[in-house]
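Presented below is the structure to which this report refers.
What follows draws every value from the coordinates through simple rules; no lab data is involved. Everything numeric in this text was worked out from a predicted model, so none of it was measured. A quick note on method: Cβ atoms are made from the backbone with ideal geometry, for glycine too, and the neighbour counts reach across all protein chains shown.
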Amino acid sequence: MKKIIRVALMIVVVFAALVYNNQHIEAKSCLSDYRKQARVIEKKMKLTVIDTSKLTIEQITHRRGKVLIERVIGRVKNAKGDGKVINAGGNEEYGYGYICYKGYIKDFQPGDVIVSYLLYNPETEWHDDIIARWDYKLEK
């Protein structure tokens, strides 16, 4: 029964992401405004999401059976697609200071702010087992 519920939840998340994948949201230059804009997406998708600054390595590595979605707010640094996580909140020591956008976002420019949602595999407890990713470019 649990497996059926997990599969159904995954289908809902994937469907919602496909429906809202091309959505652009106007944003201002302040991080709290970006968080407010990201919550608009979350409400439309009906998700429970943990911000990168509040996510711990223990939550990631002890998640078996739980659906864990991480929200990453980042800024594109260069034309190669390298990015800096701006909502790491001290988690840089775990490698949360860097994110790559090449291959995930089309038409990105240095300085663009992007909200990414990372869905961790609920069947494992590996820290890097992300089974889906959705990126939304916030317009300036």
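Below, the figures for the structure above:
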read-out	value
Violating pairs (Cα-Cα greater than 20 angstrom) within the set K54/K102; K36/K102; K54/K77; K84/K137	K54/K102; K36/K102; K54/K77
Peptides ranked, highest mean first, by Cβ atoms within 10 Å: ranges 51-60, 72-81, 111-120, 124-133	111-120, 72-81, 51-60, 124-133
FRET E, pair I57, D107, Förster distance 22 Å, beta-carbon r, rounded to 0.05	0.05
D33 paired with R64, simple spin-label distance in nm, labels 7 Å along Cα-to-beta-carbon	4.5
Simple label model, 7 Å out from Cα along Cβ direction - V40 to I131, nm	3.1
Modelled FRET efficiency - R0 25 Å, Y98 with E123, Cβ distances, 0.05 increments	0.40
